[in-house]
Amino acid sequence: MLQLFNTLIRKTEEFVPLKKGRAGLYTCGPTVYNYAHIGNLRAYVFEDVLKRVLLYDKYKVKHVMNITDVGHLTDDGDAGEDKMEKGARREGKTAWEIAKFYENAFKNDLKNLNILPADKYPRATEHIKNQIALIKKLEAKGFTYRTSDGVYFDTSKLSDYGKLALLGKQELMAGARVEMGEKKHATDFALWKLSASQGGHPELVSGSPKRQMEWPSPWGIGFPGWHIECSAMSVKYLGQPFDIHCGGVDHIPVHHTNEIAQSEAAGGKPLANYWLHGEFLITGTEKMAKSENNFLTLAKLKEKGISPLAYRYFLLQTHYRKQLNFSWEALSAAQKGLEHLYDLIPVSNSHPELVSGSPLAQRFQEAINNDLDTPAALALVWDALRAKTISKKQLLDFDKVLGLGLNKVKKEKIKIPAEVQKLIKERETARTAKNWAESDRLRREIEAAGFTVEDTPDGQKVRK
Ligand code: AMP
Ligand code: ZN
């Protein structure tokens, strides 16, 4: 029975899907104007674990992740510059080139982290019609108002606005560091922004005020607000309501709160039943903002000898709802830890453990179903490896959830010279006869020949 912590009710509850045996999953994707930093990647690893647990529990998962390639402004509100246009200016390329390049880079990161690909990656720029249709629906229902620079959602029209954040409207307003402009309430947000040529704000701080990405609409030429894409695309591909919606904790007070407001106002029913949020990777002195240029990427970790899978292993050691401190020492320890784990992968399936139904398999499943308790699941794996009570088959089965690439590890077959093989045989005889002194003497001889020998329940294990 899968238990998940639902931000909507601030409680852990049983996951009950809308359709038996199926799970619809929407995860907010990247804004593709720069590389993903390792903080961003923590969110995608957490979501991947969730998806792998659903699959392990035999759900048929439909996973949609959007690609934000327009409309996300630099202030994460309504008054900044479009991050895509800013990225284009920074690199002297078109916004379209920037989007394509960083979307590919992002998908490459996912692959390196062994993150299962989504079934669909809808792009905001390819769903402008759907977003306009949704805004028109909200307009017809009286949830919007016009300003000289666009169309806004009137949050005062919803009595339960802000319920996801469990904050009153006043608190949300106090927290919203926004430029009011012509907005009626601080929490109101843009659904459609007009281009400068149509009377909107000049979007560029410097350079040409002409946007590269703009479209005609009933309200004038412009572009969609950031939140509307997720409302339009999640419902298009998963229906309303759908099962699970995810993102980082920073999405709770604004982005997800506004997605809920728009979708529930338009559809008259909940957007999603379960809202899961991953905590932040905290970096102390290392600045971790995509808008700055000195953030850490997977490539930078690789330069320092930390593989993407070691980073994934590092993340799995902490529960997704706990903040995680970044440090190079912790990452090096994770790299060593993962290598050691690879080292301990059993070479055979000779163990009596069954893959399903064994006490170990049950405990593993309980851990992951307990709100994705990966630290507990890893601890079980380590205990079993050390006690040598796990078969290769079982370990690889667990790795369907952990995703540490254990199936790709190649165990080199070591060549044991005939004279060492003879010593091993003699030692076996000595051990059967409980002649420990002779056994120890033979161990020293084997070691002198450049091999180590370990006594396991499967017999002697020899390594170079
Ligand atoms: P963005 O590309 O900025 O829209 O962010 C992509 C994802 O990364 C979102 O789900 C954010 O909530 C998440 N995120 C951003 N910074 C961090 C961080 N330091 N730690 C964990 N997740 C983060
Ligand atoms: Zn979103």
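In degrees, nearest 10, range 0 to 90: what is the angle between the Cα axis of helix 257-267 and the longest Cα principal axis of the chain?
Value to nearest ten degrees: 60.
Quick one: which residues, 5+ away or cross-chain, put their amide H under 5 Å from the amide H of ARG22? H built at 1.01 Å from N.
For ARG22, whose amide H was placed from the backbone, the distant partners under 5 Å are LYS60.
Starting from the Kirkwood radius over alpha-carbon pairs of the chain, derive D by Stokes-Einstein at 37 °C in a medium of 0.692 mPa s and give it in µm² s⁻¹.
Reported coefficient: 132 µm²/s.
Could you tell me how far the Cα centroid of the range 121-152 sits from the Cα centroid of the range 32-46, in Å?
If you average the Cα positions of each part, the centres end up 27 Å apart.
Given contacts defined as C-alpha pairs under 8 Å and at least six residues apart, what's the relative contact order of the range 1-87, whole-number percent?
Normalised by residue count, the contact order of the range 1-87 is 29 percent.
Tell me, how many Å apart are the Cα centres for the range 225-281 and for the range 89-103?
Rounded to whole Å, the Cα centres lie 27 Å apart.
Please report, in cubic angstrom per residue, the volume enclosed by the convex hull of the alpha-carbon atoms of the range 418-463.
Here the figure is 62 Å³ per residue.
Return one number: the angle in degrees, 0 to 90 and rounded to the nearest 10, between the long axis of the Cα atoms of helix 128-140 and the longest principal axis of the Cα atoms of the chain.
That helix lies at roughly 50 degrees to the long axis.
Would you mind classifying the range 3-278 by shape? Square roots of the alpha carbon gyration tensor eigenvalues, ordered a ≥ b ≥ c; an a/c under 1.5 is rounded, otherwise it is prolate if a/b is larger than b/c and oblate if not.
Oblate is the answer for the range 3-278, as a/c is 1.5 or above yet b/c matches or exceeds a/b.
What residues have an amide H closer than 5 Å to that of GLY403, excluding those fewer than 5 places away on the same chain, when H is modeled at 1.01 Å from N in the peptide plane?
none
Each value in this text was obtained by applying a stated rule to the coordinates, not by laboratory testing. On a predicted model such as this, the values are computed, not experimentally measured, just so you know.
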